[in-house]
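In what follows, a single structure is set out as structure tokens and then discussed.
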Amino acid sequence: MRVVVLASGRGSNLEALIKAERRGELPIRIVGVVSDKRHARALDLARENDIPAIHLGARGFADRQSYDLALFGRIADLQPDMIVLAGFMRILDPVAFAPWLGRIINIHPSLLPLYPGLHTHRRALEAGDRKHGASVHFVTAELDGGPVIAQSVIDILGGDTEDTLASRLLEREHRLLVACVGLLASGRLAWQAGSVLLDGVVLTSPLRFEDLPPTHDKLA
Ligand code: GRF
């Protein structure tokens with residue numbers, strides 16, 4: 001499965017995918033990394049790993065839709081089977097990504113439908129939540145609102161700050177994303193008309209990361 005990753009920043013989720021691919025744990029090939037930010041570390045990571053790294057800045061485009069149409073044009077050139085948003089910090093125009101519906105996933109640091117958008121760790125702390133987590137979902141026109149594939153849940157501890165919560169969750173995000181990409185790439189997981197299918201059966205609630213098969217076993 002040919003995968004294109006979109007990332008705006010640090011790229012630690014991208015790095016987790018690259019490492020899993022290189023260890024032979026994922027039946028994918030990352031055929032390109034695309035960023036709206038010229039200096040995104042994600043682009044450096046791609047170059048260091050001999051993956052085509054493409055920067056396309058939004059400056060000079062008349063509006064979001066024209067930028068997004070150009071963006072998906074560049075992505076289409078890479079002929080992906082799947083697009084992974086891993087810290088891509090732009091809202092996508094529905095018209096531009098419509099041809100890719102069901103083939104784009106996103107990782108979001110909250111237990112969706114809680115806290116779409118930004119500052120998820122802060123919002124979970126301010127709400128006094130006892131649990132926090134990350135979600136991988138199919139991308140639809142609604143911001144962070146598409147059908148959720150799987151979630152990983154962590155406890156919020158007494159002394160937690162935004163930073164401690166973010167870093168404890170990030171490690172889970174990496175494993176969650178790798179596991180979801182593995183399920184998609186092996187054909188076990190699919191999109192069907194707005195629903196998530198696992199082994200041909202519609203999911204009625206998100207998979208729990210803890211219940212996902214280890215990538216190794218799945219490929220054995
Ligand atoms: C992650 O927390 C991801 O869930 C969110 O943006 C962050 C990206 O981190 N969408 P990184 O660039 O993958 O390190």
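The values are calculated or read from the model by the stated rules, or taken from the named source; none is laboratory data. Worth saying up front: this structure is predicted, and the values here are computed from it rather than measured. Every residue, glycine as well, gets a Cβ built from its backbone with ideal geometry; the counts of neighbours run over all protein chains shown. Note: accessible area is taken over every heavy atom of the protein model, side chains too, but ligands, DNA and RNA are not part of it. Shrake-Rupley method; radii C 1.70, N 1.55, O 1.52, S 1.80 Å.
Leaving out ligands, DNA and RNA but keeping every protein chain, what accessible area does residue 2 have, in Å² rounded to the nearest 10, with a 1.4 Å probe?
70
When all protein chains stay in place, what accessible area (Å², nearest 10, 1.4 Å probe) is found for residue 186?
About 50 Å², ignoring ligands and nucleic acids.
Counting only protein heavy atoms and a 1.4 Å probe, tell me what percentage of the stretch 60-157's accessible area is made up of carbon and sulfur.
56
If you rank 202, 34 by how much accessible surface each has, with a 1.4 Å probe, what is the order from largest down?
Working: 202 75, 34 0 Å².
Order by accessible area, largest first: 202, 34.
Taking the Cα centre of the chain as origin, sum charge times position over the Cβ atoms of Lys and Arg (+1) and Asp and Glu (-1), and report the length of that vector in debye to the nearest 20.
In debye, rounded to 20, the chain gives about 320.
For every other residue with a beta carbon closer than 10 angstrom to the beta carbon of residue 174, add +1 if it is Lys or Arg and -1 if Asp or Glu, then tell me the sum. Kindly include the intermediate steps, with their values, before the conclusion.
Values: positive: 19, 172, 175; negative: 15, 171, 173.
Net of charged neighbours comes to 0.
Taking each full run of DSSP H in the chain as one helix, which ones are at least 30 Å long along their axis (Cα atoms) and have mean Kyte-Doolittle hydropathy of at least 0.0? Before the final figure, lay out each step's value.
On the way: long enough: 162-185 (33 Å, 0.43).
What comes out of the filter, once short or polar helices are dropped, is 162-185.
Label points 7 Å out from Cα along the Cβ direction at residue 2 and residue 205: separation in nm?
3.9
Taking all protein chains together and a probe of 1.4 Å, list 172, 208, 103, 29 from the most accessible to the least accessible. Numbers along the way, then the final one.
Values: 172 55, 208 115, 103 90, 29 135 Å².
Result of the area sort, largest leading: 29, 208, 103, 172.
Checking the a/c ratio against 1.5 first, then a/b against b/c, what shape does the Cα gyration tensor give for the chain?
Working: a/c = 1.37, a/b = 1.18, b/c = 1.16.
Rounded shape, in that the Cα axes give a/c under 1.5.
Return the single residue from 122, 59, 74 with maximal mean-square fluctuation; model: Gaussian network over the chain, springs between Cα atoms under 10 Å.
The residue that fluctuates most here is 59.
Rolling a 1.4 Å sphere over the protein heavy atoms, what is the accessible area per residue of the chain, to the nearest Å²? Present the calculation step by step, with values, prior to reporting the outcome.
Details: 10400 Å² over 220 residues.
I get 47 Å² per residue for the chain.
Stretched out fully, how many nm does the piece from residue 162 to residue 55 gain, at 0.36 nm a residue minus the Cα gap? Each step should come with its number before you reach the end.
Numbers: separation 107, 0.36 × 107 = 38.52 nm, distance 2.99 nm.
So the chain would gain 35.5 nm between residue 162 and residue 55.
Please work out the Cα center distance from the stretch 133-183 to the stretch 1-26, rounded to the nearest Å.
Here the two parts' Cα centres lie 16 Å apart.
Using only the heavy atoms of the protein chains and a 1.4 Å probe, how would 97, 209 rank by accessible area, largest first?
Working: 97 5, 209 30 Å².
Result of the area sort, largest leading: 209, 97.
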